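Take a look at the structure set out below.
The values are calculated or read from the model by the stated rules, or taken from the named source; none is laboratory data. All values reported here derive from a predicted model rather than from experimental measurement. Ideal geometry is used to build each Cβ from the backbone, glycine not excepted, and the neighbour counts take in all protein chains shown. What goes into the accessible areas is simple: the full protein's heavy atoms, side chains included, and nothing from ligands, DNA or RNA. Shrake-Rupley method; radii C 1.70, N 1.55, O 1.52, S 1.80 Å.
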Amino acid sequence: MKDIFDECQFGDLKLNSRIVRTGLWESQNRQHGYLKPEVFLRYERLAKNNVGLIITELISLYPHDKFSDYSHSINYPLFMKDFKMLTEITHESDVPIFAQIAFANCNVNGKQMIGVNDLTMEDIRQIQSDYLIAARKISFAGFDGIQLNIGNNYFLSKVIDPRENKRSDNYGGSVFNRLRMVIELIQAIKKTTTLHINCRFNINPQDEDETLEIAALLEKYGADSLQVTKPSSPQFFKKESPDKNILFDLTDKISKHVDIPVILGGGLSNMSDINDLINKTDIDYVSMQRPFVYNPTFLSDWKKNGEGESGCTTCNNCYWKKTSTCHMIAEE
Ligand code: SF4
């Protein structure tokens, strides 16, 4: 019988529970050039309250990306200093932490808004090189792992998506070719750091075979774990019933198909629903985002009481307003 508070071996890391905190927007990112004290306090509260693994809010690969006002940036001058402190805080509670990195708009080599089909080899190598430099920074800052967000609607998800990628060279066509840019990146990060590499990728409900093939290729070429999500953002997850949810079904199939840990990318906020799901399926890890925005410490209450449901009403204000704080709490 599995329980969300089981200690687990997650690749080479030990987790104190099966719950993964996923971050999204960071609205408290700067004061006089430093991360605001509220950010450190939030991470300390997360780490001290029974979360298994923390994945940061999005860290933008490029400073002028679409979301950079609401995100951390890998390029801001105090990244190493601030994030070393952040990783030390979570490690004090024996909680591993991954840096989530992505970009939305492709502006490299002096060009703006490059489309997937217009990337030159020079552009591809530039992006891979920028990721590699970011991975080394992430490693020096003390992170246990890197999450390559190649899902949702970030740029690399479009490179993988056959509806977007119409290239006729080695980076288009077959599933392997569409994944080639990511596979080369994973292999380069593996050669130069010891980071655990997690890939967060989209399911394709219209093509289960392709979804399973992507998972298997990511595993084969070096991903240490996967997080399964959908192109649309998680605000829509709640509309599906726990009994009939394509994300749950496909995450279960992927968990059976690969030998690395697989994280369900959201959709549940009740302890008994989570325990039911992990016991009825091969899903071992569940990520949550907005419940932690609502209350970073709720898991301790669940553990103490043996039950619980997040107070988050899924109003989605924090998503649309791109903040890391709960509007319901702030407005009370
Ligand atoms: S703003 Fe709404 S969706 Fe966000 S945490 Fe608060 S209640 Fe949940």
Probe 1.4 Å, all chains present, heavy atoms only: residue 203 accessible area in Å², nearest 10, is 10 Å²
Multiply the residue separation of residue 316 and residue 123 by 0.36 nm, subtract the distance between their alpha-carbon atoms, and state the gained length in nm to one decimal. 65.9 nm
Taking the chain and dividing mean pair separation by its residue count, relative contact order in percent (alpha carbons under 8 Å, at least six apart): 18 percent
List the lysines whose Cα lies under 16 Å from the Cα of residue 166, skipping any in the same chain that are fewer than 8 positions away. 158
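Full extension from residue 187 to residue 249: what is 0.36 nm times the residue separation minus their Cα-Cα distance, to one decimal in nm? Intermediate results must be reported in sequence, preceding the final value.
Details: separation 62, 0.36 × 62 = 22.32 nm, distance 2.95 nm.
Result for the pair: 19.4 nm of gain on full extension.
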Note on the range 143-191: alpha-carbon gyration tensor, axes a ≥ b ≥ c; rule is a/c under 1.5 for rounded, else prolate if a/b larger than b/c, else oblate; result oblate
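Given the pairs 230/256; 190/321; 190/253; 253/304, which are separated by over 25 angstrom at their Cα positions?
Numbers: 230/256 19 Å; 190/321 36 Å; 190/253 27 Å; 253/304 32 Å.
Violating the 25 Å Cα-Cα cut-off are 190/321; 190/253; 253/304.
How would the range 169-236 be classified by its alpha-carbon gyration tensor: rounded, prolate or oblate, with rounded meaning a/c under 1.5 and the a/b versus b/c comparison settling the rest? It would help to have the intermediate numbers written out before the result.
Numbers: a/c = 2.10, a/b = 1.29, b/c = 1.63.
Oblate.
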Place the peptides 112-123, 208-219 in order of packing, highest mean first, counting for every residue the other Cβ atoms within 10 Å and averaging per peptide. 208-219, 112-123
For the range 1-134, state what percent of all Cα-Cα pairs lands in each successive 10 Å bin, counting from 0 Å until the bin that includes the largest distance. 11, 36, 29, 18, 5, 0
Say each of residue 210 and residue 44 gets a label point 7 Å from the Cα, pointing the same way as Cα to Cβ; how far apart are those two points in nm? 4.8 nm
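Grab the Cα-Cα distance for residue 30 and residue 177, subtract it from 0.36 nm times how many residues apart they are, and report the gain in nm with one decimal. Numbers along the way, then the final one.
Values: separation 147, 0.36 × 147 = 52.92 nm, distance 3.96 nm.
Between residue 30 and residue 177, full extension yields 49.0 nm more.
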Too-long pairs where the Cα-Cα distance tops 22 Å, listed order kept, from 36/322; 66/191; 14/48: 66/191
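Translational diffusion coefficient, Stokes-Einstein: compute it for the chain using the Kirkwood radius over C-alpha pairs as Rh, at 20 °C and 1.002 mPa s, and state it as an integer in µm² s⁻¹. Write down the numbers at each step before the final one.
Values: Rh = 20.0 Å.
My calculation gives 107 µm²/s for D.
So for each of 308-320, 276-288 I average, over its residues, the number of other beta carbons within 10 Å; can you give me the resulting order with the highest mean first? Mind dumping the intermediate values first?
Details: 308-320: 16.7, 276-288: 18.8.
Order by mean packing, descending: 276-288, 308-320.
Sort the range 243-331 into rounded, prolate or oblate with this rule: let a ≥ b ≥ c be the square roots of the eigenvalues of the Cα gyration tensor; rounded if a/c is under 1.5, and if a/c is not under 1.5, prolate when a/b is larger than b/c, oblate otherwise. Walk me through the numbers on the way to the answer.
Details: a/c = 2.41, a/b = 1.61, b/c = 1.50.
It comes out prolate by the Cα gyration axes.
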